[in-house]
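All remarks here apply to the structure that follows.
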Amino acid sequence: METSLNVDEIDSIKAHGLKDLASAGSDKELDDWRVKFLGRKGLLTIALRSLVSLEPSERQKIGSLANKTKEDLLNEFQSRKSQITAVQSSDIDSSHFDVTLPGTKLSLGKLHPTTQIIREICSIFEGMGFSVVEGPEIEWDEYNFQKLNIPKNHPARDMWNTFWVAEEDSSGNQMLLRTHTSPMQARIMETNAPPVRVIVPGKCYRYEATDATHESQFYQIEGLAVDKNITFANLKGTLYQFARQLFGENRRVRFRCDYFPFVEPGVDMSIDCFACQGKAVGCRICASTGWVEIMGAGMVHPAVLESAGYDPSVYTGFAFGLGPERIGMLKYGIEDIRMFYENDCRFLEMF
Ligand code: FA5
């Protein structure tokens, strides 16, 4: 192939290159320039390739000029690139950064609604002289049932559908996920001399199908007060005060007989419906009965006192157990308990 490569042509490539480079103003334009002049199929590269067809004396002269031109263009390219980068960063500093714009808002974490309601309930009882104590979630059959006056094969065990976590050991004891916080009654009495006044928040587990008011994992708060001369009147007075502080000064309470093997007598406690006072047809909160059940309670059974080492002829006490999620549902009008643990931020942010 004939070639017309000569000094003029190389000078012309250089002049053309320098002119185009001066007008390249962005990374993209710079890159296009590099491909056009120095790339694999660029003008100067093609010129260098055609050196082979020159006479040896010409080849040396034109070759060294072409190599020098390539070096010059590369240097100019680098310096133009630095200029453009400098202009770009000064653009960010001067015009793209507006110090008057509001900053990015950081979203703050919050306490979970269950934690909030547990703290509120605990602080009401702390104000009445109770201390907060916690206990194990993995429990022995002995504490969850036997020491609470529920021996093996007792039909009352059906009230607490249980997750068993191990086989019976050689002494006939078996591990389970505690079905309520009541085992802490026995643990506290075994390790503390009377008088006792404690409140025990914690997680419980039941092998139950979930629905709008039942979860298989939920919280309870247990209360226990034992001393000389504690009567049912103390139980009623304490729980009445609690209900008024949590649900409002005008609340009325109702106690009805109920059965729990570890108390005698046993009761369930209701408050009058703060939404409709029993007047609304189809009230969502009380189903138009006027009463909303909030906890189980009773006088500690003498057998429970005795198995924990307290003399039931000297000491008496009361105990109660409530579900904070259910109380939160009543207080804040939440229709389904499962919303607490779905981790939907829109729900959690409401509290
Ligand atoms: C008990 O568990 C007794 N230990 C309470 C007690 C303590 C009675 C001391 C007497 C003396 P019960 O099974 O009713 O009782 O549960 C108490 C509360 O736990 C209920 O009122 C309810 O608020 C809550 N609860 C029970 N099961 C569930 C569940 N599956 N999901 C959510 N909350 C529950």
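The values are calculated or read from the model by the stated rules, or taken from the named source; none is laboratory data. Quantities reported herein were computed from a predicted structural model and do not represent experimental measurements. Quick reminder, even Gly has a Cβ in these numbers, built from the backbone with ideal geometry, and neighbours come from all protein chains shown.
Residue-wise test of (1) at pLDDT 95 or above; (2) more than 22 Å from R178 (Cα to Cα); (3) acidic (D, E).
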| residue | (1), (2), (3) |
| --- | --- |
| T238 | yes, yes, no |
| V253 | no, yes, no |
| V263 | yes, no, no |
| V292 | no, yes, no |
| P302 | yes, yes, no |
| R326 | no, no, no |
| D344 | no, yes, yes |
| F351 | no, yes, no |
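Just for the stretch 279-302: of the residues that are hydrophobic (A, V, I, L, M, F, W, C) and more than 14 Å from the ligand (Cβ to nearest atom), which one is surrounded by the fewest Cβ atoms within 10 Å (Cβ to Cβ)?
Filtering the stretch 279-302 for residues that are hydrophobic (A, V, I, L, M, F, W, C) and more than 14 Å from the ligand (Cβ to nearest atom), the one surrounded by the fewest Cβ atoms within 10 Å (Cβ to Cβ) comes out as V281.
Just need a number here: residues in the stretch 258-279 that are within 30 Å of N153 (Cα to Cα) and part of a strand (DSSP E or B).
Number satisfying all stated conditions: 8.
Do we find a residue being within 14 Å of the ligand (Cβ to nearest atom), surrounded by fewer than 14 Cβ atoms within 10 Å (Cβ to Cβ) and of a type outside the set (A, V, I, L, M) anywhere in the stretch 250-259?
Taking every residue of the stretch 250-259 in turn, at least one turns out to be within 14 Å of the ligand (Cβ to nearest atom), surrounded by fewer than 14 Cβ atoms within 10 Å (Cβ to Cβ) and of a type outside the set (A, V, I, L, M).
Kindly indicate which of G103, G109 is modelled with pLDDT under 95, closer than 26 Å to Y341 by Cβ and loosely packed, with under 14 Cβ neighbours inside 10 Å.
Working: G103 fails: closer than 26 Å to Y341 by Cβ.
Sole residue among the options that is modelled with pLDDT under 95, closer than 26 Å to Y341 by Cβ and loosely packed, with under 14 Cβ neighbours inside 10 Å: G109.
Taking the stretch 285-311, which residues are within 25 Å of R254 (Cβ to Cβ), in contact (Cβ under 8 Å) with a residue 24 or more places away in the chain and assigned to a loop (DSSP other than H, G, I, E, B)?
I285, H301, listed by residue number.
Could you grab me the full set of residues in the stretch 216-270 that are free of Cβ contacts under 8 Å to residues at least 40 places away in the same chain and of a type in the set (V, I, T)?
Once the filter is applied, which keeps residues that are free of Cβ contacts under 8 Å to residues at least 40 places away in the same chain and of a type in the set (V, I, T), the stretch 216-270 yields V253, V267.
Name the residue, out of G328, G282, that is in a loop (DSSP other than H, G, I, E, B), in the same structural domain as H180 (by TED's automatic domain parsing) and of a type in the set (G, A, S).
G282
Scanning the stretch 323-343 for residues that are near the ligand (Cβ under 10 Å from one of its atoms) and among the β-branched types (V, I, T), which turns out nearest to G202 (Cα to Cα)?
Top of the filtered list is I327.
Let me spell it out: the conditions are (1) surrounded by 14 or more Cβ atoms within 10 Å (Cβ to Cβ); (2) of a type outside the set (S, T, N, Q); (3) more than 10 Å from the ligand (Cβ to nearest atom); (4) under 20 Å from V226 (Cβ atoms), and F320 meets all of them except one. Which number is the exception?
(3)
Filter the stretch 204-249 down to the residues that are farther than 21 Å from G290 by Cβ and of a type in the set (F, W, Y), then identify the one that is farthest from the ligand (Cβ to nearest atom).
Result: F232.
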